[in-house]
Amino acid sequence: MLVTNGWSEAYNDHFTVGSGGSGDRPLVVSYTSSPPADVVYATDGRKEPASVNINPPGGVFRQIEFVGILKGTKQPELAQKWVDFMLSKPFQEDMPLQMYVYPALTGAALPELFTKFAEIPSDPAQMDPALIDAHREQWIEAWTNAVLR
Amino acid sequence: MQRLFVTLRYGLYALPLLFLGLFYLYPLVSILRLSLLPTGRLELAGIGQMVVQPYFWKVIWFTSWQAAVSTVLTLICGLPLAYLFARVQFPGKAFLRALTTIPFVMPTVVVAAAFTTLVGDKGVLNQWLQTSLHLDEPPLHLLQTIWIILLAHTFYNVSVIVRTVGGFWANLNPHLSEAAAILGANPRRLFFEVTLPLLLPSITAASLLVFLFCFTSFGVVLILGGLRFATLEVEVYRQAVSLFNLPLAAFLSLVQMGLTFVVMVIYTRLQARTSLPLDMRSEQSAARPLSSKRAKLAAALTLLVALALLLTPLLALMWRSFTLGTDGLTLRYYQELAINRRQSAFFVMPLLAVRNSLLFAVATMLLSLLLGISSAYLLARPRTWLTALLDPIFLLPLGTSAVTLGFGYIIALGSWRTALWLTPVAHTLIASPFVVRTFLPALRGLDPRLREAAGVLGASPPRTWWEVDVPMLFRAVLVGAIFAFTVSLGEFGATLLVSRPDLPTMPIIIYQALSRPGLLNNGQALAMSTILMVVSALALIGIERFRFGDIGEF
C-alpha cells in the first residue's frame, strides 16, 4: 500500500487510470463520484468511465461538506440569503457535475452520469460524530504511528 | 543637495524595516500570540509532551541532516556549471543558463509527476534497465525514499549556485589566477589557494540559501518522499492543518525559526569576515574560449551530465503534455485550457493567468530590488550591534514556516487580505532575501578606494554612486532581479492564501486542474506547466539581455 500526501498525488500520479498509464497502482481510494468525472474529462470520447467503484459493505465512508455563517458577521441577512441560494434546487442540481458531490436537497434530481456510474453505496460505515470528535486526534496519531513511522 | 541625499538615504534604510515590521513581524506575532496565549496565559502542557517524545528529536535531526547533505550535493553539481557559465565562452550560453533556472519555478506537484514518469517503478529508466539487463523486477526503487528527496533538492537548487556563485565568479579579475600560474602554481593549487578563497563569500551565501530552502522543504518531502519523512515544516503543517493543534504548530515553527536564526548568525559572522575588497572585471574580459581538446571534452561532458539531470524531468513533463493518454501526439490539453467546460462563473482564461503571473513577477522584482538593495547598503555599513542583529533578521522570512505565516496573514491583515497588491508583497517577502544575499558580497567586495578616488577628484556622493557603484554592481543586481522574478513566477503556497479567484497565477491554475479527476484535467495541468516553463525561459533570457548603458555584462 502507498500512502500519499493527498488525493491529487494518489489519483493523478500513481493511479493507473488517472495518470494515463504511467502510474503503477490499479486501485485508489477516491470518491464514488470519480467515475462520472472520468467520462466528462475523457480524451477519447468514451461514454463509459475507465474506472469503476468497489463498494464493499461497511467499506465506504460518507463525507459531508458544510456551509456555515461565522459568528460575528456584519452581514447576517446577506449570509443567510447566500446559504438559502446554495440550498436551492437549481444550485443543488448543478453541483454534482461541478464539484463531483451529491446534492443535500432531497428533491434535487441527479444527472444521468451519477445515477449510472456513481451509485450511492447502500451500506456505508457509520459512526456517531460525537465519538469521532472525542477520539479524532488520538486515532489519527495512532494510525500515523502504525502506518507511517 | 547634500542634505537631501542624506535624508533620502535614511528614508531608504527605513523602508525594508517598515516592510518587515508590517508584513512579517506583525502577522507572525499575531498568530503566535493567538496560538500560544489563547486565554492570555501560556499553555505548555502539549509542548511538554512533544519535547519528551523521541519523534520530536528525530524530526529535528532529519530536517538538519537532509538539508546539509542536499546542500553538499547541490554544490558538487552546481560549482562546475557555475565555472563553465562564468569563465568559458561557448555558443548558446545565455539560453542554456536560462534553462538551468527553470526547475526553480516549477510547482512540486508536476515535478513529482515527471519524476514518477522517469524513475518510478514503471518509469522510463526502470523499463530500460529491465529490458537491457533482462530483469524480472524493476531494479531502482527511488520514489518514497530519501534518495528522491536529495535528488529533487539538487534539481531545484542547482540554479542558486549557478547564478550566485557564477555571477560573482564572472567578475573576478583573472589576472590574479594568471599571476599565480606564471609563478608556477599548478591548476589544483591555483584553485584552492587563489580562486576558492576569493569565491568563498559567494559560495557561503549561496550554500546558506540552499540550506535554508532544504531546511524548510515542504512539497518535495511530502509529495516525493511520502508521509514517512517529516521535516519541521511538514510537521507544522500536519499539526496546524490536519490536527488543528495551533499551540503545537506555533511551538514547532518557533523551533524552526530558532534553529534558522542560529545558522544565520554563524553565517553572517563568517560572511562579514571573509569579505575582501576585490578588483572586479567585466565578464567579457574574463571569459576565455577553451583551448585544449581535453578541456573542451571535459566541459562538454560536465554540461551534458548536468543538463541531463536538470532537463530530463522537464522534457518528460513537456512530452507528457502532448501524449498523455493517447498513442500519438495531441494538442487537446492546450486547446482545453481555453474552454470553460463547467460554465463556471470563476473561469479565467489561462492566457490571463500568464499575464497575471508576469505582472506579479515584474512587481515583485521591482519591489524586491528596492527593498533588497536598501537592506544591503544598510548591512554593508560599518559593523555595529544594529547591523549585526539586522543581518540575520533580513533572512528570517526564508526560515519561517509558510503555513504559520499564512495563518498570520489571515488573522492579522483584515480587509487587506483581498487587496490586489498583497500577492507581490507576499512574494517580495520571500524574494528580497535573495536580492540581499546576491548583492551584499558584491557590495562588500567593491574596493572603497574607487569611491575615495572619485571623491578626491570632486565627484558628489550621488555622482560617485551613479558612476562607481551602479556600473560595478549592475551584474549582482541582475542576478537578484532574476531570482526575485523566478521566485514570484513559481510561488504557490502563499499565493494560494492571498491571491484572488479572479486573478489566478499559473501555479494556481495547475493546482486547480490537478484537484479534479479525469485525464483532461491532468493533461491541462501538464500543458499549463509547459507554458510556465516556456514563459519563464523567455522572460529570463529577456532579463539577461538587459544592459546598463554600454557597460554590458559588468
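Figures for the structure shown
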{"read-out": "The stretch A:1-40, residues that are open to solvent by 40 Å² or more (accessible area, probe 1.4 Å), farther than 15 Å from residue B:521 by Cα, touching a Leu at 6+ places or on another chain (Cβ under 7 Å) and at pLDDT 85 or above", "value": "A:25"}
{"read-out": "Single condition residue B:511 does not satisfy, out of (1) open to solvent by 30 Å² or more (accessible area, probe 1.4 Å); (2) at pLDDT 80 or above; (3) more than 14 Å from every other protein chain (Cβ to nearest Cβ)", "value": "(3)"}
{"read-out": "Yes/no for residue B:359 being within 25 Å of residue B:543 (Cα to Cα) and surrounded by fewer than 18 Cβ atoms within 10 Å (Cβ to Cβ)", "value": "yes"}
{"read-out": "Qualifying residue in the stretch B:322-339 (condition: out of contact with any strand residue (DSSP E or B) (no Cβ under 9 Å at 6 or more places or on another chain), closer than 30 Å to residue B:210 by Cβ and more than 14 Å from every other protein chain (Cβ to nearest Cβ))", "value": "no"}
{"read-out": "Tally of residues being open to solvent by 80 Å² or more (accessible area, probe 1.4 Å), more than 30 Å from residue B:243 (Cα to Cα) and modelled with pLDDT of 90 or more across the stretch A:107-134", "value": "3"}
{"read-out": "Residue in the stretch B:18-28 that is assigned to a loop (DSSP other than H, G, I, E, B) and more than 23 Å from the chain's Cα centre (by Cα) present", "value": "no"}
{"read-out": "Residue within the stretch B:314-324 that is open to solvent by 60 Å² or more (accessible area, probe 1.4 Å) and either farther than 30 Å from residue B:89 by Cα or at pLDDT below 85 (or both) present", "value": "yes"}
{"read-out": "Hits in the stretch B:219-240 (condition: within 11 Å of chain A (Cβ to nearest Cβ) and over 25 Å from residue B:155 (Cα atoms))", "value": "B:238, B:239"}
{"read-out": "Selected residue [farther than 30 Å from residue B:248 by Cα, open to solvent by 60 Å² or more (accessible area, probe 1.4 Å), in contact with an Asp or Glu (Cβ under 7 Å, 6 or more places away or on another chain) and of a type outside the set (D, E, K, R)] from A:57, A:49, A:103", "value": "A:57"}
{"read-out": "Residue that is more than 14 Å from the chain's Cα centre (by Cα) and without any contact (Cβ under 8 Å) to a residue 12 or more places away in the chain, where the choices are A:8, A:22", "value": "A:22"}
{"read-out": "The stretch B:224-255 - residue that is in a helix (DSSP H, G or I) and in contact with an Asp or Glu (Cβ under 7 Å, 6 or more places away or on another chain) and, of those, surrounded by the fewest Cβ atoms within 10 Å (Cβ to Cβ)", "value": "B:247"}
{"read-out": "Scan of the stretch B:31-61 for residues that are within 29 Å of residue B:208 (Cα to Cα) and out of contact with any Leu (no Cβ under 9 Å at 6 or more places or on another chain), ordered by number", "value": "B:51, B:54, B:55, B:57, B:58, B:61"}
{"read-out": "Residue selected from the stretch A:28-42 under the condition more than 16 Å from the chain's Cα centre (by Cα) and closer than 23 Å to residue B:122 by Cβ, by the criterion nearest to the other protein chains (Cβ to nearest Cβ)", "value": "A:41"}
{"read-out": "All positions within the stretch B:415-472 that are free of Cβ contacts under 8 Å to residues at least 40 places away in the same chain, aliphatic (A, V, I, L, M) and within 30 Å of residue B:500 (Cα to Cα)", "value": "B:419"}
{"read-out": "Residues located in the stretch B:151-191, provided they are in contact (Cβ under 8 Å) with a residue 24 or more places away in the chain and outside any helix (DSSP H, G or I)", "value": "B:171, B:172, B:173, B:174"}
{"read-out": "Residue check, residue B:475 open to solvent by 30 Å² or more (accessible area, probe 1.4 Å) and part of a helix (DSSP H, G or I)", "value": "no"}
{"read-out": "The lone exception for residue A:96 - which of (1) more than 10 Å from chain B (Cβ to nearest Cβ); (2) open to solvent by 40 Å² or more (accessible area, probe 1.4 Å) it fails", "value": "(2)"}
{"read-out": "Pick from the stretch B:103-150, criterion open to solvent by 40 Å² or more (accessible area, probe 1.4 Å), aliphatic (A, V, I, L, M) and without any contact (Cβ under 8 Å) to a residue 60 or more places away in the chain, ranking: farthest from residue A:7 (Cα to Cα)", "value": "B:133"}
{"read-out": "Residue B:372 vs. criteria buried (at least 20 other Cβ atoms within 10 Å of the Cβ), over 29 Å from residue B:502 (Cβ atoms) and within 14 Å of another protein chain (Cβ to nearest Cβ)", "value": "no"}
{"read-out": "Qualifying positions in the stretch B:60-102 - closer than 30 Å to residue B:47 by Cβ and open to solvent by 10 Å² or more (accessible area, probe 1.4 Å)", "value": "B:60, B:61, B:62, B:64, B:65, B:68, B:69, B:71"}
{"read-out": "Single residue of the stretch A:106-133 satisfying the filter (hydrophobic (A, V, I, L, M, F, W, C) and touching an Asp or Glu at 6+ places or on another chain (Cβ under 9 Å)) that is nearest to the other protein chains (Cβ to nearest Cβ)", "value": "A:117"}
{"read-out": "Unique residue being within 13 Å of chain B (Cβ to nearest Cβ) and at positive phi when the list is A:45, A:58", "value": "A:45"}
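Conditions (1) within 14 Å of chain A (Cβ to nearest Cβ); (2) without any contact (Cβ under 8 Å) to a residue 24 or more places away in the chain; (3) of a type in the set (A, V, I, L, M); (4) touching a helix residue (DSSP H, G or I) at 6+ places or on another chain (Cβ under 7 Å), marked per residue:
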site	(1), (2), (3), (4)
B:5	no, no, no, yes
B:15	no, no, yes, yes
B:23	no, no, no, yes
B:49	yes, yes, no, no
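The values are calculated or read from the model by the stated rules, or taken from the named source; none is laboratory data. Predicted model, so just to flag it, every value in this text is computed and none were measured. Ideal geometry is used to build each Cβ from the backbone, glycine not excepted, and the neighbour counts take in all protein chains shown. Please note that ligands, DNA and RNA were not included when accessible areas were found on the heavy atoms of the full protein model with its side chains. Shrake-Rupley method; radii C 1.70, N 1.55, O 1.52, S 1.80 Å.
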